[in-house]
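Q: Structure provided below as structure tokens; questions to follow.
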Amino acid sequence: MQIKRSRWGRFYIRLVTKNRVFFPLFVLLGLGGILFLSLHTHIDVIQTRSVVVEQTATGYALVPDAPLTGAPEAFEKIFVYQNKNQQVFVVEDVAVGPNGGLIFAADGELKAFLQGAPDGLSADIPVGRISLLARIFSRGRG
């Protein structure tokens, strides 16, 4: 029993085997596509800090153990957790206070979590954005 061959499959095989330009062009277009996508895909640069919870007049402040390098005046969101594998809280609209603390208003489950003020809290703080290609090749040391 013979397998029915596709018309497009025969065309592709004939094109690749008879023309020396098609296959290298196909490979170059694939590499170009990968480079283009990795240049235009941006990821957050995150600094992880141990933080201490302080209550303020407007809400809460997380004071990091070390100053943030290259940090903006405000953050869209930061991630607070005690154990990253169990529960991570997303804190939105965070401002940087005069002492370097991260000031925000908390409600609901986050407020209950912070009122317990567990020891060993950590915060993942996005301080910038970088392209995926730059991260892989120039900043991929760690």
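Q: Only residues in the stretch 109-128 that are closer than 21 Å to LEU68 by Cβ count as the first member; pair them with residues that are assigned to a helix (DSSP H, G or I), Cβ under 9 angstrom, at least 6 apart or cross-chain, and list the lot.
A: LEU121/LEU114
Q: Right, next: Report, by residue number, each residue of the stretch 62-87 that is surrounded by fewer than 16 Cβ atoms within 10 Å (Cβ to Cβ) and in contact with a Phe, Trp or Tyr (Cβ under 9 Å, 6 or more places away or on another chain).
A: Of everything in the stretch 62-87, those that are surrounded by fewer than 16 Cβ atoms within 10 Å (Cβ to Cβ) and in contact with a Phe, Trp or Tyr (Cβ under 9 Å, 6 or more places away or on another chain) turn out to be GLN82, GLN87.
Q: Ok, one more. Quick one: count up the residues across the stretch 88-108 that are surrounded by fewer than 17 Cβ atoms within 10 Å (Cβ to Cβ), closer than 14 Å to PRO64 by Cα and of a type outside the set (A, V, I, L, M).
A: 4
Q: In the stretch 88-142, how many residues are in contact with a helix residue (DSSP H, G or I) (Cβ under 8 Å, 6 or more places away or on another chain) and among the small types (Gly, Ala, Ser)?
A: Final tally of qualifying residues: 2.
Q: Separate question: Among the strands (runs of 3 or more DSSP E) contained in the stretch 44-137, which hold 3 or more residues that are among the aliphatic types (A, V, I, L, M)?
A: It comes to 60-64, 74-81, 88-96, 121-131.
Each value in this text was obtained by applying a stated rule to the coordinates, not by laboratory testing. Quick caveat: nothing in here was measured; it's all calculated off a predicted structure. Positions of Cβ are generated from backbone atoms using ideal geometry, with glycine treated the same way; all protein chains shown enter the neighbour counts.
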